[in-house]
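Structure first, commentary second.
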Amino acid sequence: MEKPLTEHIKNDNTWLSLKEYKKVGGYEGLQKALKLNPEEVTNIVKESGLKGRGGAGFSTGTKWSFVPMGDDVPTPKYFIANGDEMEPGSFKDRLLLEGNPHQLIEGMIIGSYAIQARYSYVFLRWAYHHAAKAISSAIQEAYEAGYLGQNILGSKFNLDMSLHISVGRYICGEETALLNALEGKRANPRTKPPFPVVSGLFGKPTVVNNVETLNNIPHILNKGAEWFKGLSKTDEGGTKLYGASGRVKKPGLWELPLGTTLRELLEVHAGGMQDGYKFKGVLPGGGSTDFLTEEHLDVPMDYASVGKAGSRLGTGTLIVLDDKTCTVGMLQNLEQFFAQESCGWCTPCREGLPWTAKLLDAIEKGKGKMEDLDTLTFQTHYMAPGNTYCALAPGAMEPLQSALKYFKTDFEKHIHEHKCPWEQ
Amino acid sequence: MAKVVIDNKMYEVNGSKNMLEICLSLGLNLPYFCWHPELGSVGACRQCAVIKYKDKEDTKGKLVMACLEPVADNMRISLEADEAKQFRAGNVEALMTNHPHDCPVCDEGGECHLQDMTVMTGHNYRRYNFKKRTHTNQYLGPFINHEMNRCIQCYRCVRFYKDYAGGKDLDVFGAHDDLYFGRHEEGVLENEFSGNLLEVCPTGVFTDKTLRKHFTRKWDLTNAPSICHGCALGCNIIASERYGSIRRILSRYNGDVNGYFLCDRGRFGYEYVNSEKRIQTPLKKQDGTFSQLTREQVIQEINAITSGKKLIGIGSPKASLESNFLLRQWVGAENFYAGMSNSEGKLVQLVLEILKAGKVKTPSLNEVKEYDAVFILGEDVTNTAPMLALNLRQAAKNKPDQKAAALDIPDWNDEGVRELVQGAKGPFYIASAHITKLDEIATQTCQLHPDDIARLGYAVANKINGQLPVLDSDEGEETLSQNIAKAMLAAKKPLIVAGISLFNQSIIESAANVASALKEQGKDVGLVYIVPEVNSVGLTMIADQFLDDAFEKATQAENDTLIILENDLYQRMDKNSTDAFFENYKNNITLDYLDNKTTQQATYILPATTFAEGNGTVINNEGRAQRFYQVYSPDNDVKSSWKWLQAMIPNTTSSCQSFDEVIKDLVDAFPELKGIQEIAPSEHFREGTQKIPREPHRYSGRTAMHADTEVSEHQPPSDTDSALSFTMEGYAGIPPAALTPFYWSPGWNSVQAINKYQIEVGGALHGGNPGKRLFEQKENNKADYFENIPSQFSPKEGSWFLLPFYHILGSDELSAQSPAIKERVPAPYVALNDNDASKAGIEEGDIIDVLVKEVNQKLTVKLNTGLPEGTIGLPKGLTATAGIQFPFWTTFKKLTDE
């Protein structure tokens, strides 16, 4: 089983130096890319079927192809790696950022070449101190080796790159809020259209891709679209970093073929539930995805299949709920986080999320009323996709709406017993 | 045009708009908060949700925000679909979770957009039963009260204040449900247009502090359509009264003038009307003291002293055309003087000639927003014509915004356009005598002596048309004039702005040359001149002699009687010569509103109306005639000057003339003023058989208002001069725009009811915007050019050229007497050139002695104003600097420690 993204990552908390990276085929993808013209690079990525690993699952090559190309287009264009990994339960980008920074940088240079960007930024979560060191050092090495700067590898392509450390807000992971933050403005999302590929950073065409997405790029260029498609168990190409947290025997992170089933993840890789705990449900793609339950264990974890099952692949990092943890308490914690992280721009998210969190808090404390469940259901409709300015609040409603569907009795017990039934 | 289907009904609509604008323009009630016709759409509040259907077969549809939905042909939407209605009700419920239930004690109550929208969506039962978030409030200065708990976070305030008006000291702080809209710390809101926050805020966060001091609910106010008297732009206002005092000013929408907004001078400068210094009865001076007379007595006595005597009349650019005209009729044209100095009057005359010649277009105030390149010569626009500055700020965005159109980003998509252009402005050039506030949006600026500003103008004209005279300018000027000419030629619609504030004829002439040269190059050029006062243009049309002329001739006066109309001459001429002037006259009749130095010189004082108690016509800087109407009928002897004059003019028919008849005489005497008959319906106008009520139908307390003195209800005063009535009874629909005293529509109690008065939201009013331009551009009129190029200014050793500095809050005599404005008037100062000061060993804050017309004044020094070397500046029109006739050469000296 091939693990192109992670196979060379070391276990000693140090990252691959340029020398080490080159030894295992690093920057060969870039060399190949620079011999092609930009449109050909984009086409290869498009053919590979690579989908955005940040959660939305949009075709990466297609996104690149929307960037205006040619001589009389607005310049400079920008290319940005979204390293603001703050999805609850998600820690996949961290491994790549800390373990193999050159893989990201190579992917970014290739992407920049494909859209003819002049500047690129790594937008990094504030808390990722170790990753910040890795990226800084790798950028410096890349400059010294001529992979960045003027006339890269004699190709006449110029690209500068720098690291931007975010001040730490979940909303900065939303690509347009990220652009505002990078410009030094309030991290509010922007209206779409216009999309960033047309009017992005400083009003110029900009591509924002997730860190894991970009880590795939050097390999796609090096080994081809067909090879990439073959990595996967489904028709969506490549491998995926899957993770699991919760009361499983071996919480962790694994690079596996895209489309590995939920059951295999839970039972083989995570080692099954800890002794004395029973599986109750799982958020398959981080905090902002719908619960899946026992009946969904054989769902392949790819974008289409998880979608069909009523949830989202999201970041592919599972949060496992067991029978001894209070569902309402878990949701309260999650909704409190989302309410706190709302930027405050649109009404449903700004007002609806704190209201939701307060309702859950009241229910958890045994002060809930049966009507509160109707109000919670109202909130899930009120903050449905399309009703809000960006995807934050609809994402926040996903665990709640599915919990109301699968675990409604847990809520009712709280209300009837006037206390949390899990309380000791 | 496009065809759209809204709730199964087909409409033909404007394809360049968004669906919210379409729905509102069609008269449909779709609630909204964050959208504003001038500020565009941002999609923040989510209130204007509708269901959009893919096609005829689609029955489910998708919830979208109408404000972000461009019109598309055959588009199908529904406002009435259950899902949309439920969402909108839920959204208001969410907004209301933190909104206090303090409507009964909130100043906004009864005219609150949030109240209206809440009722409109049907939300009435509260499910949220947790604590509300609370905030502390800030002191924001004398104009605006802050109550943050009421905020519904629509972001309109910061979008207006920062993005539209260029303010720096209001912002949004915090995040999620803990947002704070305010200053970084307590303090006065500095922007000149801060008062618009009151109307932009959909609820009671920002409310009128001056209204609060004598609070009245909207429905209890008597209102009239009026014209701001604060400067020459003639912004349209609604003035409102209760219990005999003016309570507040709101913007009255006029799509040809001020649009939705007002400046702070116009909005908060009304309180002088309620001043204790108001003259309430006729007064007669005997042995140095004034005693009251009755109306009949005073008329009789004045008839006696004026009969058969030569009369000298001094008019006023603050008074209406009608009042000035009747004074002129009484004293005779040869004895009538426009009450402004010759230096000012001659320049207004020149501007008037250029307007009349109509070689280039003079755009309306609102049209200024459409120009895409600007060149300002000499004016500190923010302080001499504030609302023009606000509109110039919008014009500065046009060229960069053209980029958005190229990417199919509609102009109403505020956020999309803003992120694309990233605050780019220009081309925008300013040549002024000192640093001005608009410099911050300029492409390039320079500070020059007025003569050199004119020279720059001539140089630019030469760069546009090489046949115009060449100047021997230095290299700096050469590149600057080159840049300006290039930018103006590259623009589609260049705009040239100049005025008379620096009292320099050459600036006016060179600006005309630049505009004419651009016109000859086929440009759709605009030329705006700023003049000082509300009726400067109107007065100059009926008078051709000025104060210096009057002062000169006064020495020949024998037994003549002087009549002064609404004019404190000490504001306009220096004290010594004004004193001397008055000494020539034994009898002096003054018509005025406030006690001042001139009324102190009078033999008889007649209590005149301000804009608030009388009708009149004024002509703005563009040549637009507009009518203001009496708000209320005071129960004292205060009368319009034209009514007093009618009563005093002997042996004429005019004594019983109505307002319309006065206008008829005026037009007969001055045919070029014919247009003023068309600016508003006549006094005989009726909607059906009804007059237009000044009071809303919910006006309360009428039977109780005078109960402390009399039990029976007073008969309301009758208005014989207009189609308006002083009651709540009358026509309930939308009256002609010129007669609209307030905005109200069922379900729309706030100022946003204006939507119902417009043909298309943000566009013209039903029946057309009121007012009439008297001069239009004349086609095929060959340009002729001015040729008197002044020579370059050279500083003199030991002598400095004195220039005026203008202040929006301070330089206007009347508004500066309003208590709220008074708090903001700057302390007197003297501005020096930094080099001149350092040579003289003077620093910022030092007190120096400045020689002003033979009088020494001790003033605090202000540096860093950008004044050119050899010049010196004083604030115009402050109490300490009143009557200074700029410009002249003067000296100053440093005060030693002794």
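The values are calculated or read from the model by the stated rules, or taken from the named source; none is laboratory data. All values derive from a computational prediction rather than experimental measurement. For neighbour counting, all protein chains shown are included, and Cβ atoms are generated from backbone atoms with ideal geometry for every residue, glycine included.
Structural remarks
- Residues (crowded, with 19+ Cβ neighbours inside 10 Å, outside any helix (DSSP H, G or I) and free of Cβ contacts under 8 Å to residues at least 60 places away in the same chain) located in the stretch A:293-310: A:Val299, A:Ala309
- Set side by side, the residues B:Lys285, B:Lys310 differ, and just one is surrounded by fewer than 18 Cβ atoms within 10 Å (Cβ to Cβ), in contact with an Asp or Glu (Cβ under 6 Å, 6 or more places away or on another chain) and more than 30 Å from B:Ile507 (Cα to Cα), which is B:Lys310.
Yes or no, residue by residue, for (1) free of Cβ contacts under 8 Å to residues at least 60 places away in the same chain; (2) crowded, with 20+ Cβ neighbours inside 10 Å:
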{"site": "B:Phe786", "(1), (2)": "no, yes"}
{"site": "B:Gly798", "(1), (2)": "no, no"}
{"site": "B:Tyr806", "(1), (2)": "no, yes"}
{"site": "B:Ala837", "(1), (2)": "yes, yes"}
{"site": "B:Gly845", "(1), (2)": "yes, no"}
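- Any hit, the stretch B:787-802, residues being in contact with a helix residue (DSSP H, G or I) (Cβ under 9 Å, 6 or more places away or on another chain) and either outside any loop (DSSP other than H, G, I, E, B) or within 30 Å of B:Arg627 (Cβ to Cβ) (or both): yes
- Single unsatisfied condition, A:Leu313 versus (1) buried (at least 18 other Cβ atoms within 10 Å of the Cβ); (2) not assigned by TED's automatic domain parsing to the domain that holds A:Ala244: (2)
- Of all residues in the stretch B:88-110 being in contact with an Asp or Glu (Cβ under 8 Å, 6 or more places away or on another chain) and aliphatic (A, V, I, L, M), the one that is nearest to the other protein chains (Cβ to nearest Cβ): B:Ala94
- In the stretch B:42-54, the condition of being touching a helix residue (DSSP H, G or I) at 6+ places or on another chain (Cβ under 9 Å) and among the hydroxyl-bearing types (Ser, Thr, Tyr) is met by no residue.
- Single residue of the stretch A:212-237 satisfying the filter (among the basic types (Lys, Arg) and part of a helix (DSSP H, G or I)) that is nearest to A:Leu50 (Cα to Cα): A:Lys229
- Residue within the stretch A:33-45 that is closer than 17 Å to A:Val211 by Cβ, within 23 Å of the chain's Cα centre (by Cα) and surrounded by fewer than 22 Cβ atoms within 10 Å (Cβ to Cβ) present: no
- Residue list for the stretch B:593-620, restricted to those being part of a loop (DSSP other than H, G, I, E, B), within 12 Å of B:Leu565 (Cα to Cα) and hydrophobic (A, V, I, L, M, F, W, C): B:Ala602
- Number of positions in the stretch B:513-531 that are assigned to a loop (DSSP other than H, G, I, E, B) and crowded, with 24+ Cβ neighbours inside 10 Å: 2
- Verdict on A:Arg190 being in contact with a helix residue (DSSP H, G or I) (Cβ under 9 Å, 6 or more places away or on another chain), assigned by TED's automatic domain parsing to the domain that holds A:Glu144, crowded, with 21+ Cβ neighbours inside 10 Å and under 23 Å from A:Thr388 (Cα atoms): yes
- Options A:Arg169, A:Arg190; residue that is within 14 Å of another protein chain (Cβ to nearest Cβ), within 28 Å of A:Gly307 (Cα to Cα) and in contact with a Ser or Thr (Cβ under 7 Å, 6 or more places away or on another chain): A:Arg190
- Residue check for A:Ala131: small (Gly, Ala, Ser), within 14 Å of another protein chain (Cβ to nearest Cβ), within 30 Å of A:Gln340 (Cα to Cα) and part of a helix (DSSP H, G or I): no
- Any hit, the stretch B:71-87, residues being more than 11 Å from every other protein chain (Cβ to nearest Cβ) and under 37 Å from the mean Cα position of the chain (by Cα): yes
- Residue in the stretch A:371-386 that is away from chain B (no Cβ under 11 Å), closer than 22 Å to A:Val320 by Cβ, buried (at least 20 other Cβ atoms within 10 Å of the Cβ) and modelled with pLDDT of 95 or more present: no
- Tally, over the stretch B:111-151, of residues that are crowded, with 21+ Cβ neighbours inside 10 Å, assigned to a loop (DSSP other than H, G, I, E, B) and within 14 Å of another protein chain (Cβ to nearest Cβ): 1
- The residue pairs whose first member lies in the stretch A:193-211 and is away from every other protein chain (no Cβ under 11 Å) and in a strand (DSSP E or B), whose second member is among the aromatic types (Phe, Trp, Tyr) and crowded, with 22+ Cβ neighbours inside 10 Å, and whose beta carbons are closer than 7 Å, counting only pairs six or more residues apart or on different chains, are A:Val207/A:Trp64; A:Val207/A:Phe79.
- Scanning the stretch A:166-186 for residues that are surrounded by fewer than 19 Cβ atoms within 10 Å (Cβ to Cβ) and not in a loop (DSSP other than H, G, I, E, B) gives no hits.
- Cβ-Cβ under 7 Å pairs, at least 6 apart or on other chains, the stretch B:163-188 side within 14 Å of chain A (Cβ to nearest Cβ), far side small (Gly, Ala, Ser) and surrounded by fewer than 17 Cβ atoms within 10 Å (Cβ to Cβ): B:Tyr180/B:Gly174
- Flag for B:Ala66 being among the aliphatic types (A, V, I, L, M), buried (at least 17 other Cβ atoms within 10 Å of the Cβ) and either touching a residue at least 40 places away in the same chain (Cβ under 8 Å) or closer than 29 Å to A:Leu359 by Cα (or both): yes
- A:Leu331 falls short on exactly one of the conditions (1) in contact (Cβ under 8 Å) with a residue 24 or more places away in the chain; (2) within 14 Å of another protein chain (Cβ to nearest Cβ); (3) in a helix (DSSP H, G or I); (4) not charged (D, E, K, R), and that condition is (2).
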